[in-house]
Amino acid sequence: MSGAGHHSPLEQFEIKKLVDLQLFGWDVSFTNSTLFMLLAVALSAGLVVWAMRPAAAVPGRFQMLVETLYNAIANMVSQTAGEKSRPFFPLIFSIFIFILMCNLLGMIPHAFTVTSHIVVNFVLAITLFLFITATGFAKHGLKFLSLFVPHGLPIALAPFIFVLELISYLVRPFSLSIRLFANMLAGHLLLKVLAGMVVSLLMAGGVLSAIAVLPFAFTAIMTGFEIFVAFVQAFVFSLLACVYLRDALELHH
Amino acid sequence: MEDTAMKFLGAGIAMIGALGGGIGIGQVVAGWLGALARNPGAEGKLFLPGILGLAFAEVIALLCLLVAILLLFVV
């Protein structure tokens, strides 16, 4: 993967410090990751606020776009987690649109994909997980632990099943974050490797330059597919957040 | 054999596990299409569990890819 003078396809994931800042010995530099996160937040907030400005009864294009996104997530929340979870809708929508914007911004050539780093996804997932667990305990008290002992279980099996369910519950933030991380990493690695193939073939000259059309076509198709995956992964993250929320609010699987 | 050769071998062997992911996704979509064919009006209710099943089945294949990438680039 790294021949003489060739760049590794992993270089696109490097974090570069743009402004070096230190705070009490902690490195809080402004990196390219920070820049793209700020850009994602600014774009999503700006889009929603600006598109809803006309507030017309017959929506124009951008208002329709924002309303479609809103309705999709609202329907998902009420279908999955029930009407009692309406207060949690802003959280789910914020998570969805942040991850969507971060994924889509990464599709711009030479841009940095924020969600391709495990630490970003892990912080999102663990914060969500801790919040949902705390909500469950706040609402049900210690009866929240009855989530791990399904109804109608022979008493002899109960401790074993409890441990099993507890472990699969604690795995949730990890599976949530790894799903998004691996999808983004694999997609962008593939695109980089394919693009590198196109460049190598073109530089070889002669017949090989003509063959370069094939990896180029494949890169184009994969770019389209990666945009689709960006939407799907953002949707799946927020869908699973709703499912876990439902589990915590109504204590049965 | 040297370290690097074993790493490449390990990465290749790790990707065999993605076979399970492929079969799993195929089963999810087969079930979804079968249910949709029997009851086309239920598409609204079937969409969410379909996407959910796809996400769960894909995680296993992605875990294999992750192990392969870890072996190649991190270890």
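What follows is calculated from the coordinates using simple rules that are stated; it is not laboratory data. In this text, all values refer to a predicted model and were calculated from it rather than measured experimentally. Cβ sites come from the backbone with ideal geometry, for glycine too, and all protein chains shown count toward neighbours.
Only Cα pairs under 8 Å and at least 6 apart count here; give the relative contact order of chain B as a rounded whole percent.
55
Please compute, over every Cα-Cα pair in chain B, the percentage with a separation greater than 13 angstrom.
69
So how do A:Phe181, A:Phe24, A:Phe225 line up by other beta-carbon neighbours within 10 Å, fewest first?
Sorted ascending by nearby Cβ count, the order is A:Phe24, A:Phe225, A:Phe181.
Once you order the gyration tensor axes a ≥ b ≥ c over the Cα atoms, which shape class does region A:179-253 get: rounded for a/c under 1.5, otherwise prolate or oblate by comparing a/b with b/c?
The shape class here is prolate.
Treating cross-link reach as a plain straight distance, find the aspartates and glutamates whose alpha-carbon is under 17 Å from the alpha-carbon of A:Lys139, omitting any fewer than eight places away in the same chain.
Answer for A:Lys139, where 17 Å is the Cα cut-off: A:Glu83, A:Asp247, A:Glu250, listed by chain and number.
Suppose each label sits 7 Å from its Cα in the direction of the beta carbon; what would the A:Met52-B:Leu54 distance come out to in nanometres?
Calculated label separation equals 2.8 nm.
Among A:Val149, A:Val28, what is the fewest-to-most ranking by other Cβ atoms within 10 Å?
Placing the least packed residue first, the sequence is A:Val28, A:Val149.
Helix-only mean residue ellipticity at 222 nm, chain A, DSSP H runs n ≥ 4 weighted -39,500 (n - 2.57), per residue, nearest 500. What is it?
Only helices count here, giving -23000 deg cm²/dmol.
If R0 is 45 Å, what FRET efficiency do you get for A:Leu130 and A:Phe160 from their C-beta distance, rounded to 0.05?
For R0 = 45 Å, the calculated efficiency reads 0.95.
What average number of partner chain Cβ atoms lie no more than 10 Å from the Cβ of the residues making up B:55-66?
Mean partner-chain Cβ count within 10 Å for B:55-66: 5.
Give me the distance in nm between label points sitting 7 Å out from Cα along the Cα-to-Cβ direction at A:Leu142 and A:Ala220, one decimal.
A separation of 6.6 nm, rounded to one decimal place.
To the nearest 0.05, what FRET efficiency results for A:Leu23 and A:His110 with a Förster distance of 30 Å applied to their C-beta separation?
0.50
About the Cα centre of the protein assembly as shown, what is the dipole size in debye to 20, counting +1 per Lys and Arg Cβ and -1 per Asp and Glu Cβ, all else neutral?
Charge dipole of the protein assembly as shown: 660 debye, to the nearest 20.
Where in chain A are the DSSP H helices whose C-alpha atoms run 27 Å or more along the long axis and whose mean Kyte hydropathy is at least 0.5?
A:32-51, A:118-140, A:172-204, A:213-249
Which of the peptides B:49-57, A:9-17, A:98-106, A:154-162 is most tightly packed, and how do the rest follow, going by the mean number of other Cβ atoms within 10 Å of each residue?
Final packing ranking: A:98-106, B:49-57, A:9-17, A:154-162.
Rounded to the nearest 20 Debye, what is the dipole magnitude of region A:160-253 about its Cα centre when Lys and Arg each give +1 and Asp and Glu each give -1 at the C-beta?
Using only the charged Cβ atoms, the result is roughly 200 debye.
I'd like to verify something in chain B: which complete DSSP H helices, judged by Cα projection on the helix axis, reach 27 Å or more and average at least 0.5 on the Kyte-Doolittle scale?
Long hydrophobic helices here: B:18-38, B:43-69.
Going by how many other beta carbons lie within 10 Å of each one, how would you line up A:Trp26, A:Trp50, B:Trp32, fewest first?
A:Trp26, A:Trp50, B:Trp32
If packing is taken as the mean number of other Cβ atoms within 10 Å per residue, what is the order of A:205-218, B:58-71, highest first?
B:58-71, A:205-218
Can you pull the three principal axis extents for the Cα set of chain A, in Å, largest first?
74, 55, 47
So if we plug the beta-carbon distance of A:Val243 and B:Leu33 into 1/(1 + (r/R0)^6) with R0 = 25 Å, what FRET efficiency do we get, rounded to 0.05?
Once rounded, the FRET efficiency stands at 0.65.
Cα-based Rg of region A:1-87 per 2.2 N^0.38 Å, rounded to two decimals?
1.75
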